[in-house]
1. Going through 150, 133 one at a time, which residue ends up being touching a helix residue (DSSP H, G or I) at 6+ places or on another chain (Cβ under 8 Å), among the charged types (D, E, K, R) and over 21 Å from residue 67 (Cβ atoms)?
2. Filter the stretch 93-125 for residues that are over 17 Å from residue 49 (Cα atoms), buried (at least 24 other Cβ atoms within 10 Å of the Cβ) and among the hydroxyl-bearing types (Ser, Thr, Tyr) and give the result.
3. Quick check on my filter: what residues within the stretch 11-66 are closer than 26 Å to residue 106 by Cα, out of contact with any Ser or Thr (no Cβ under 6 Å at 6 or more places or on another chain) and of a type in the set (D, E, K, R)?
4. Please report, ordered by residue number, the strands (runs of 3 or more DSSP E) entirely within the stretch 93-159 with at least 2 residues that are free of Cβ contacts under 8 Å to residues at least 60 places away in the same chain.
5. Which one is farthest from residue 115 (Cα to Cα) among residues in the stretch 65-86 that are basic (Lys, Arg) and surrounded by fewer than 20 Cβ atoms within 10 Å (Cβ to Cβ)?
6. For residues in the stretch 45-61 being part of a loop (DSSP other than H, G, I, E, B) and under 13 Å from the mean Cα position of the chain (by Cα), which is farthest from residue 92 (Cα to Cα)?
7. Kindly evaluate residue 89 against the criterion of being buried (at least 21 other Cβ atoms within 10 Å of the Cβ) and either of a type outside the set (D, E, K, R) or in contact (Cβ under 8 Å) with a residue 40 or more places away in the chain (or both).
8. Could you list, in sequence order, all residues of the stretch 7-44 that are surrounded by fewer than 20 Cβ atoms within 10 Å (Cβ to Cβ), over 20 Å from residue 88 (Cα atoms) and either of a type in the set (Ser, Thr, Tyr) or in contact (Cβ under 8 Å) with a residue 60 or more places away in the chain (or both)?
Amino acid sequence: MFPDHLIDLAEQVIRAYSKGNLKLATAESCTGGLIAGCLTAVSGASDVLTHGFITYANEAKMNLLGVPKSQLIKHGAVSETVARSMAAGALTKTTTIAVSVTGIAGPGGGSPEKPVGLVHIAVARTGAETRHERHVFTGERAAVRLQTIEAALKMLLLAV
């Protein structure tokens, strides 16, 4: 289902997090659960992945992750601020690290300020500063989503 290179990355994440006894949650918008799906394609994922949120709508970001409505109004759903809030909101008593993604996969929805392919990824870790990356990926919708998964998995590896 997922390209081999993504499965390889997911295996690395699962091994590293299992070895470090780290628990992980995902908060996904533009990927619609594909990061969690890629991780669960790997045997042993249940030792690491505790849960995932698919918060495609702003209401879900607010209600499930606690993203303030004021952030969504001021910065928009596709922003560093909201990505950071999503990751922080996904951290629970059962997780130590959470990754969030929010972006514009296309083909529509872009603007000069926020083009198609713009994705914000954040990784929050209990007791550490939240990390953020901004990307503008190229290609059609599926390509943007696959590139987002790859970037998110790489960020998760750096968070160990």
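Please treat every number below as a calculation from the coordinates, not as lab data. Keep in mind that what you see is a predicted model, and the values were worked out from it rather than measured. So basically every Cβ, Gly included, is an ideal-geometry build from the backbone, and we count neighbours across all protein chains shown.
1. Selected residue: 150, the only one of 150, 133 that is touching a helix residue (DSSP H, G or I) at 6+ places or on another chain (Cβ under 8 Å), among the charged types (D, E, K, R) and over 21 Å from residue 67 (Cβ atoms).
2. Correct list: 102 only.
3. Hits for the stretch 11-66 are 28, 59.
4. Correct list: 118-125, 131-136.
5. Within the stretch 65-86, the subset basic (Lys, Arg) is 69, 74, 84.
Filter again for surrounded by fewer than 20 Cβ atoms within 10 Å (Cβ to Cβ), leaving 69, 74.
Details: 69: 23, 74: 18 Å.
Across the stretch 65-86, the extreme among qualifying residues is 69.
6. Among those that are part of a loop (DSSP other than H, G, I, E, B) and under 13 Å from the mean Cα position of the chain (by Cα), it is 56.
7. Working: buried (at least 21 other Cβ atoms within 10 Å of the Cβ): yes; either of a type outside the set (D, E, K, R) or in contact (Cβ under 8 Å) with a residue 40 or more places away in the chain (or both): yes.
Against the criterion (buried (at least 21 other Cβ atoms within 10 Å of the Cβ) and either of a type outside the set (D, E, K, R) or in contact (Cβ under 8 Å) with a residue 40 or more places away in the chain (or both)), residue 89 qualifies.
8. 12, 16, 18, 20, 40, 43 - these are the residues of the stretch 7-44 that are surrounded by fewer than 20 Cβ atoms within 10 Å (Cβ to Cβ), over 20 Å from residue 88 (Cα atoms) and either of a type in the set (Ser, Thr, Tyr) or in contact (Cβ under 8 Å) with a residue 60 or more places away in the chain (or both).
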